[in-house]
Amino acid sequence: MGEPPIPEWKQPENESLDLKRARLLYQSRKRGMLENGIILSTFAGRYLEGFNETQLNQYDYLINKPDNDWELFYWVIGHKPTPEEFDTEVMTLLQEFAKNPDMESRIRQPDLPQNEQRNT
C-alpha cells in the first residue's frame, strides 16, 4: 500500500497582507526540521513586516512550494545551487541572512508578537 499523494501547493487567494504575514510567520516557525525553523523564524521576525506584496509572495512560494525541507536548507546555506524558480531577491536576502555576518546568537526562535487586543 503506497503513501497518499501530497496535494499540489497553491498560494491562498484573496488573503490580506496582514493575514499573509501572520500565516507566513507561523509557517516559518513550524517546519519539519529545527534548522529551518530557526533560520526561517528569525528571518521572518526581522523582515516580514517590511516586505511588500511581491516579496511576501516570493517568500510564500519559497517556503511552501518545495516538498523537501532539506532541499530548502541546502539552497539557503549554499550547499546546493538554488533552482531558477526559487532564485529571487528574497532568496538572496535569506542566503545573506543565513551567513550571519554579525555573529548574532540564533539558538531559539523569536517570541511571537503579543496581540494588542485581547478578548476578555
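The values are calculated or read from the model by the stated rules, or taken from the named source; none is laboratory data. Bear in mind the structure is a predicted one, so any value in this text is a computation, not a measurement. Positions of Cβ are backbone-derived with ideal geometry, glycine not excepted, and every protein chain shown enters the neighbour counts. We work out accessible area using only protein heavy atoms, side chains counted, and drop any ligands, DNA or RNA first. Shrake-Rupley method; radii C 1.70, N 1.55, O 1.52, S 1.80 Å.
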Could you please state how large a percent of the accessible area of the chain is carbon and sulfur, counting protein chains only and using a 1.4 Å probe? 49
Candidate residues Asp69, Asp87: accessible-area rank, largest first, probe 1.4 Å: Asp87, Asp69
Excluding same-chain residues fewer than 8 positions from Lys30, which aspartates and glutamates have a Cα within less than 17 Å of its Cα? Asp60, Asp67, Asp69, Glu71, Asp111
Does the chain classify as rounded, prolate or oblate by the C-alpha gyration tensor (a ≥ b ≥ c root eigenvalues; a/c under 1.5 gives rounded; else a/b over b/c gives prolate, otherwise oblate)? rounded
Mind checking the range 13-98 for GluC sites (Glu not before Pro) that DSSP puts in a loop (not H, G, I, E or B) and that have at most 11 other Cβ atoms within 10 Å? Glu13
In straight Cα distance, which lysines are under 21 Å from Lys80, not counting same-chain residues fewer than 8 positions off? Lys65, Lys99
Sites Asn100 and Asp67 - FRET efficiency at Förster radius 25 Å, r taken between beta-carbons, to 0.05: 0.40
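How much accessible area per residue does the chain have, counting only protein heavy atoms and a probe of 1.4 Å, in square angstrom?
Numbers: 8590 Å² over 120 residues.
I get 72 Å² per residue for this part.
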Arg21 accessible area, 1.4 Å probe, all protein chains in place, Å² to nearest 10: 30
Quote the accessible area belonging to Ser16 in square angstrom, nearest 10, computed with a 1.4 Å probe and with ligands, DNA and RNA left uncounted. 60
Low-density loop positions, chymotrypsin sites (Phe, Trp or Tyr not before Pro), the range 1-70 - DSSP coil, at most 16 other Cβ in 10 Å: Trp9
With 0.36 nm assigned to each residue of separation and the Cα-Cα distance removed, Tyr74 to Arg23 gains 16.0 nm
